[in-house]
1. Enumerate the strands (runs of 3 or more DSSP E) found wholly within the range 36-110, keeping only those where 3 or more residues are among the hydrophobic types (A, V, I, L, M, F, W, C) and in contact (Cβ under 8 Å) with a residue 40 or more places away in the chain.
2. Collect the residues in the range 303-325 that are surrounded by 19 or more Cβ atoms within 10 Å (Cβ to Cβ) and part of a strand (DSSP E or B), keeping them in residue-number order.
3. Which residue is modelled with the lowest pLDDT, if the candidates are limited to the range 168-182 and must be open to solvent by 40 Å² or more (accessible area, probe 1.4 Å) and within 29 Å of the chain's Cα centre (by Cα)?
4. When both residues are 6+ apart or on different chains and their Cβ atoms are under 7 Å apart, which pairs have a first residue that lies in the range 1-30 and is closer than 17 Å to His53 by Cβ, and a second that is open to solvent by 70 Å² or more (accessible area, probe 1.4 Å) and assigned to a strand (DSSP E or B)?
5. Restricting attention to the range 387-401, does a residue exist that is among the aliphatic types (A, V, I, L, M) and surrounded by fewer than 15 Cβ atoms within 10 Å (Cβ to Cβ)?
6. Considering the range 111-127 alone, what residues qualify as being open to solvent by 60 Å² or more (accessible area, probe 1.4 Å) and either of a type in the set (A, V, I, L, M) or assigned to a loop (DSSP other than H, G, I, E, B) (or both)?
Amino acid sequence: MIHSLFLVNSSGDIFLEKHWKSVVSRSVCDYFFEAQERATEPENVPPVIPTPHHYLISVLRHRIYFVAVIQSEVPPLFVIEFLHRVVDTFQDYFGVCTEAAIKDNVVVVYELLEEMLDNGFPLATESNILKELIKPPTILRTMVNTITGSTNVGEQLPTGQLSVVPWRRTGVKYTNNEAYFDVVEEIDVIIDKSGSTITAEIQGVIDACVKLTGMPDLTLSFMNPRLLDDVSFHPCVRFKRWEAERILSFIPPDGNFRLLSYHVSSQNGYPVGYRSLVAIPVYVKHNITFREGSSQGRFDLTLGPKQTMGKGVEAVLVSSQLPRGVLNANLSASQGTYTFDPVTKMLTWDVGKINPQKLPSLKGSMSLQAGASKPDENPSINIQFKIQQMAISGLKVNRLDMYGEKYKPFKGIKYMTKAGKFQVRT
């Protein structure tokens, strides 16, 4: 399966490597570096790169490339999912997954990788199990280990590994029993010059934080489950019941975990022939013009909310890569602040929260190089935003029930919508 793992930073340096079967030379990453040079953006590096003797499968998370080396054909998504699980584990253990955090905890990193893969095959990837095998680093534990020469490896096998529910340890006890669920949706949209939607889809996840005593059995039902498409579940979910009743039934892991991820396209939940687009929560009025033979250009941009059901659009950030011929931008923002980098030609406007009564606008002129020809195409506009307490797909949790335990837990559900790749072409 996986022979080796290389961690590459944004500068192109390999700062950590781990080998399971046999040592693979670092030179195998040259094929990856060549693909990286050809890519216009860091995230555009192909996830699967074939070489004469290996396959390189990679993911980019937190400005770090996790590159797995494979010698035989395997399902690429299997390896990609494992690499994401590695990143999530590092984040769970160290709080952040950065080059500095990995280097500071390099011993724990190697211990984790040794437990997560056995001879190249995934073994223990559940956070609950790993935390019983390898204790998360703390300042006190690090000092004791430094003085005594001991390690973070636990002395006993995890209790969950020996049961039919390997993702949950036995004997869990809490004074406050609580279960929180976060429904987080990212909306990816491309809107053309006339304001028509070219593509619109939603990538959603339901993240859970469950701290319940004993061995509870939970059921989670939705008001409109037919919206969900292309669903990926945590292993704890009973898939047959979901297929039959569209109800999530599961014995939850202890602590934080991702219950499911899903995809909502523009056609989900509607009859064939009925055209229904994903609701677009923000609209943009734009007028960006360049005149032939003129050293001046016009920039006029206004944002506004729509279809947000009264929820506020906040943390709005607008960016646009202006043409190379633009020397400077003399603009006026009715709200927030803007910056223009004359070297990279990147215009960034930090709007903040949109006030529906007074829509934010950015207007002004752009200075062009004297004698320069009119740009071939107008710049596109990229938008980032967040909407609290709203799932843009319309997904709503109906109820959460618990069986198998007699106490009454505290239950909470939170919704959030944020922009993924939200692009407006001008």
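The values are calculated or read from the model by the stated rules, or taken from the named source; none is laboratory data. No experiment lies behind these values; they were computed from the predicted model shown. Note that we place each Cβ from the backbone using ideal geometry, even for glycine, and neighbour counts take in every protein chain shown. When the accessible area is computed, the model is the full protein with side chains, heavy atoms only, and any ligands, DNA or RNA have been set aside. Shrake-Rupley method; radii C 1.70, N 1.55, O 1.52, S 1.80 Å.
1. On the way: elements: 48-50, 55-61, 64-70.
Here the list reads 64-70.
2. Scanning the range 303-325 gives Leu303, Pro305, Val313, Val316, Val318, Ser320.
3. Just the residues of the range 168-182 that are open to solvent by 40 Å² or more (accessible area, probe 1.4 Å), to begin with: 169-171, 173-176, 178, 180, 182.
Filter once more, so that each one left must be within 29 Å of the chain's Cα centre (by Cα): 169, 178, 180, 182.
Working: Arg169: 78, Glu178: 96, Tyr180: 96, Asp182: 96.
The extreme case among them is Arg169.
4. Met1/Phe121
5. Of the range 387-401, the ones among the aliphatic types (A, V, I, L, M) are 387, 390-392, 395, 397, 400.
Right, trim to surrounded by fewer than 15 Cβ atoms within 10 Å (Cβ to Cβ) and you get none.
No, the conditions are met nowhere in the range 387-401.
6. Start the filter on the range 111-127 by keeping residues that are open to solvent by 60 Å² or more (accessible area, probe 1.4 Å), which leaves 114, 118-119, 121, 123.
Correct list: Asn119, Leu123.
So that you can scan it fast, the table gives a plain yes or no per residue for (1) of a type in the set (S, T, N, Q); (2) touching a Phe, Trp or Tyr at 6+ places or on another chain (Cβ under 9 Å); (3) within 20 Å of Ile2 (Cα to Cα):
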position: Val59; (1), (2), (3): no, yes, yes
position: Ile80; (1), (2), (3): no, no, yes
position: Val87; (1), (2), (3): no, yes, yes
position: Ala101; (1), (2), (3): no, yes, no
